[in-house]
Amino acid sequence: MSVQRPVIGYTLGDQAGIGPEVIMEALRQAPAGAEYRLIGQVIDCKPGMPTEQTARAALEHLELAAEALKNGTIDAVVTAPICKEALHKLGFAYPGQTEFFADRLGVKDYAMCLTGRRLTVALCTTHVALADVSRLLRTEEIVRVGSLLAHFLSRTGCKRPRIALAGLNPHNGENGAFGHEEISIIAPALPLLRQSAPTSFFSGPCVPDCVYRDAAAGMYDGIVAPYHDQALIPLKLLDFDNAVNATIGLPRLRVSPDHGTAFAIAGKGIASAASTLRAFEVALSSVR
């Protein structure tokens, strides 16, 4: 009796960028046991020279990928980098691919997760001014994102995820001396998370200048971070070449390398495929 192999789709992004070359190199090293299927078509373009045609092709292929995820003809998708500025000129009304895929799949409960070989982080706030973080941070949002992270970690092979809630203020606010968010917003999320995801272990609020070191040393499987740069600085310090961006909360995973189109080095044979390879690995781990 044969067992059907999972199908991992992939797009080439803006094909004037490094997407095609890092995808092809990653596919040469991709894990066995899956069918890897191109979404869209290869177009004729010059590396490093983006055009309206390359942007339109990238947008068309995103639409095809979203439809394939929605109808189940693929089990997960790896999306190569796009040029958001070029897509916005074409009427692309989303901050990025995360929001696009959530909208196309009709998902309201989703989050941005960055995962590398040493750190995995999920963000409670994303692309907002630092001055707005405290106002936007909410207990219910921490619970929502923490629950999604627990499900993602379980889905990708971690049976009993250990998740830390990072504090917001220096020294966790020193019992209110430097801010009250740990006491009034973050700590109340713990019992709710333990109820929402009972097979996971949640800790916190954890001192933010220590918790990433602890996670990198293996104490935690993931961290719920209150804002973008608190999480992304240690992630890119430790996992710059292999971190990927996953849209968690979708019924089928969308994941991409955590870098851009890099038009300046496209076609020169110097782009690293490590992040793209990691994206294929994470995509496959979500369906095995």
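The values are calculated or read from the model by the stated rules, or taken from the named source; none is laboratory data. Quick caveat: nothing in here was measured; it's all calculated off a predicted structure. Reconstructed Cβ throughout: ideal geometry from the backbone, glycine too, with neighbour counts over all protein chains shown. Surface accessibility is based on the protein's heavy atoms, side chains included, excluding ligands, DNA and RNA. Shrake-Rupley method; radii C 1.70, N 1.55, O 1.52, S 1.80 Å.
Leu69: in contact with a strand residue (DSSP E or B) (Cβ under 8 Å, 6 or more places away or on another chain), under 16 Å from Leu284 (Cβ atoms) and assigned to a helix (DSSP H, G or I), yes or no?
Values: in contact with a strand residue (DSSP E or B) (Cβ under 8 Å, 6 or more places away or on another chain): yes; under 16 Å from Leu284 (Cβ atoms): yes; assigned to a helix (DSSP H, G or I): yes.
Yes.
For region 100-124, filtered to residues that are farther than 22 Å from Lys236 by Cα and under 14 Å from the mean Cα position of the chain (by Cα), the residue that is most open to solvent (accessible area, probe 1.4 Å) is Tyr110.
Applying the set (1) of a type in the set (A, V, I, L, M, F, W, C); (2) assigned to a loop (DSSP other than H, G, I, E, B); (3) open to solvent by less than 10 Å² (accessible area, probe 1.4 Å) to Ala271 leaves exactly one unmet item: (3). Does Pro161 count as under 26 Å from the mean Cα position of the chain (by Cα) and either among the aromatic types (Phe, Trp, Tyr) or buried (at least 18 other Cβ atoms within 10 Å of the Cβ) (or both)? It is true that Pro161 is under 26 Å from the mean Cα position of the chain (by Cα) and either among the aromatic types (Phe, Trp, Tyr) or buried (at least 18 other Cβ atoms within 10 Å of the Cβ) (or both).
Selection over region 2-41 of residues that are more than 23 Å from Glu52 (Cα to Cα) and of a type outside the set (A, V, I, L, M, F, W, C) gives a count of 13. Being farther than 22 Å from Pro234 by Cβ and open to solvent by 30 Å² or more (accessible area, probe 1.4 Å) is a description that does not apply to His171. Val287 meets all of the listed conditions (1) in contact with a strand residue (DSSP E or B) (Cβ under 9 Å, 6 or more places away or on another chain); (2) outside any helix (DSSP H, G or I); (3) modelled with pLDDT of 95 or more; (4) open to solvent by 20 Å² or more (accessible area, probe 1.4 Å) but one, namely (3). Criterion first (out of contact with any Ser or Thr (no Cβ under 8 Å at 6 or more places or on another chain) and either within 22 Å of Asp241 (Cα to Cα) or outside any helix (DSSP H, G or I) (or both)) does Thr54 satisfy it? In short, no. Could you check region 77-97 and list, in sequence order, the residues that are in a helix (DSSP H, G or I) and in contact (Cβ under 8 Å) with a residue 24 or more places away in the chain? Of everything in region 77-97, those that are in a helix (DSSP H, G or I) and in contact (Cβ under 8 Å) with a residue 24 or more places away in the chain turn out to be Ala86, Leu87, Lys89, Gln97. The residues in region 209-256 that are assigned to a helix (DSSP H, G or I) and in contact with a Lys or Arg (Cβ under 9 Å, 6 or more places away or on another chain) can be counted, and the count is 6. Does region 130-143 contain at least one residue that is in contact (Cβ under 8 Å) with a residue 24 or more places away in the chain, surrounded by fewer than 24 Cβ atoms within 10 Å (Cβ to Cβ) and small (Gly, Ala, Ser)? Yes; the residues of region 130-143 include at least one that is in contact (Cβ under 8 Å) with a residue 24 or more places away in the chain, surrounded by fewer than 24 Cβ atoms within 10 Å (Cβ to Cβ) and small (Gly, Ala, Ser).
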